[in-house]
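Working notes, structure below.
The values are calculated or read from the model by the stated rules, or taken from the named source; none is laboratory data. What you see is a predicted model, and the numbers here were worked out from it, not measured in a lab. Don't worry about glycine lacking a Cβ; one is built from the backbone with ideal geometry, like all the others, and counts go over all protein chains shown.
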Amino acid sequence: MIGDVFIGQTRKLGAPIIGDNVGFGAGAKVIGPVRTGSNVRIGANAVVTKDIEDNVKIASVSAKVIGRLY
Ligand SMILES: CC(C)(COP(=O)(O)OP(=O)(O)OC[C@H]1O[C@@H](n2cnc3c(N)ncnc32)[C@H](O)[C@@H]1OP(=O)(O)O)[C@@H](O)C(=O)NCCC(=O)NCCS
């Protein structure tokens, strides 16, 4: 695990569950009640908010509107 990796909760209950042999790039974040598979590489600066299957490399942040302020 490299620097500035965050694995933690959001307002939703439940912490991430990390599989075996999961590698985290710099700045990767895994947030909320998600589950990563095993043998996974999470790319630098990826933000994971959905489950990840086994045996994959994932990357990127998909920014989107998540709610309204007013
Ligand atoms: C995710 C990762 C493991 C993929 O490595 P790879 O299999 O060699 O991937 P490639 O470099 O061939 O890239 C494949 C595609 O994914 C994209 N990509 C790779 N890493 C990405 C990342 N972190 N975020 C967004 N896109 C990424 C590339 O731009 C490329 O896109 P394209 O097909 O449109 O050209 C790697 O890029 C990574 O992020 N490693 C962590 C590095 C790190 O944090 N090192 C810390 C010091 S050791």
task = Kindly indicate the residue of segment 11-23 that is under 25 Å from ILE66 (Cα atoms) and not charged (D, E, K, R) and also nearest to the ligand (Cβ to nearest atom) among those meeting that condition.
result = ILE18
message = Going through GLY23, GLY67, GLY19 one at a time, which residue ends up being surrounded by fewer than 12 Cβ atoms within 10 Å (Cβ to Cβ) and not aliphatic (A, V, I, L, M)?
response = GLY67
remark   = Given (1) at pLDDT below 95; (2) in a strand (DSSP E or B), ARG11 misses just (2)
request  = Give segment 26-43 a look and list any residue that's of a type in the set (Gly, Ala, Ser), without any contact (Cβ under 8 Å) to a residue 24 or more places away in the chain and either away from the ligand (no atom under 13 Å from the Cβ) or surrounded by fewer than 14 Cβ atoms within 10 Å (Cβ to Cβ) (or both), or say none.
outcome  = GLY32, GLY37, SER38
task = Among the residues of segment 14-24, count how many are at pLDDT 95 or above and either assigned to a loop (DSSP other than H, G, I, E, B) or of a type in the set (Phe, Trp, Tyr) (or both).
result = 6
Candidate set: segment 51-62, residues that are modelled with pLDDT of 95 or more and part of a loop (DSSP other than H, G, I, E, B); chosen: the one farthest from the ligand (Cβ to nearest atom) = ASP51
